[in-house]
Amino acid sequence: MLRAGVFKNEKTAEEQVVQVLNFDIHLVKDYRGNRYIERITECVPVENKNEYTFDHRKEKTLEGKFDKFFDNATHYFMKTTDKQLYIYRNILEYIDGEYIITNKISDKNIKEMRLNMTDSDAEEFDEFVASHWGKESVYNMAEERKQKSAKAKAKTKTITK
């Protein structure tokens, strides 16, 4: 994308790609010429957090106020110059001839994945999630469907009046 001129800045290009790329499937070719999936990695965008402190107002000494100022300045420059756009977690890895699940998929991606499944696929997926990460990790859509249905009915009543 940079070579094609779509983006001029590498950070901007990286940020755009991470916003649409949820998973990276890393393929490897072994010495025999066989291809296999080495790992599946989830790319999770990092949310910007306000890590600044306003404790300088409580400081009694000028030295204490300067310390707080420099702490904030350090956070600012880290965010500006070395901004971390995403974290990555290996979800599945090929280790010693077998696939091992190493980390949990984020709740956001579990929810989005379920939205694109048939009911039978979603049931199987729920069983998979429960067996690997516990029942509490299964996303229950029943409550969300009830809320959407109630909103739709209320909207219909408003339109018909």
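Quick note: the coordinates plus some simple rules give every number you see, no bench work behind them. Worth saying up front: this structure is predicted, and the values here are computed from it rather than measured. Backbone-built Cβ (ideal geometry, glycine too); neighbour counts: all protein chains shown.
Could you work out the pair-distance distribution P(r) of the chain from its alpha-carbon pairs, with 10 angstrom bin width and percents rounded to whole numbers?
Going out from 0 Å in 10 Å bins, the chain shows 8, 20, 23, 22, 17, 8, 2, 0 percent.
Please identify the chymotrypsin sites (Phe, Trp or Tyr not before Pro) of the range 4-98 that satisfy two criteria: DSSP loop assignment and at most 10 other Cβ atoms within 10 Å. Which are they?
When the chymotrypsin sites (Phe, Trp or Tyr not before Pro) of the range 4-98 are filtered for loop state and at most 10 Cβ neighbours within 10 Å, TYR31, PHE54 remain.
What GluC sites (Glu not before Pro) in the range 16-111 are in a loop by DSSP, with at most 14 other Cβ atoms within 10 Å of the Cβ?
Answer in residue order: GLU47, GLU51, GLU59.
Give the aspartates and glutamates reachable from LYS108 as a straight Cα distance under 12 Å; neighbours fewer than 8 places away on the same chain don't count.
Here the aspartates and glutamates satisfying the reach criterion relative to LYS108 are GLU42.
Among the aspartates and glutamates, which fall within straight-line cross-link reach of LYS151, defined as a Cα-Cα distance under 16 Å, with same-chain neighbours fewer than 8 residues apart omitted?
Within reach: GLU143.
Nearest 0.05, what FRET efficiency do THR74 and ALA13 give at R0 = 25 Å with Cβ-Cβ as r?
With a Förster radius of 25 Å, E is 0.40.
Between ASP55 and LEU115, 0.36 nm times their residue separation minus their Cα-Cα distance comes to what?
Result for the pair: 17.2 nm of gain on full extension.
What do you get for trypsin sites (Lys or Arg not before Pro) in the range 1-94 restricted to DSSP loop and a cutoff of at most 14 other Cβ within 10 Å of the site's Cβ?
Listed in order of number, the matching sites are ARG3, LYS8, ARG32, LYS49, LYS60, LYS83.
Which ordering of ASP67, ASP107 is given by a fewest-first count of other beta-carbon atoms within 10 Å?
By the 10 Å Cβ count, ascending, the order reads ASP107, ASP67.
So how far apart, in nm, are the two label points at ALA4 and GLU124 if each is 7 Å from Cα heading toward Cβ?
The two pseudo-label positions are separated by 3.4 nm.
Once the piece of chain linking ASP30 and SER137 is laid out straight, how much longer is it, given 0.36 nm per residue of separation minus the C-alpha distance between them?
Going from the current span to full extension adds 35.0 nm.
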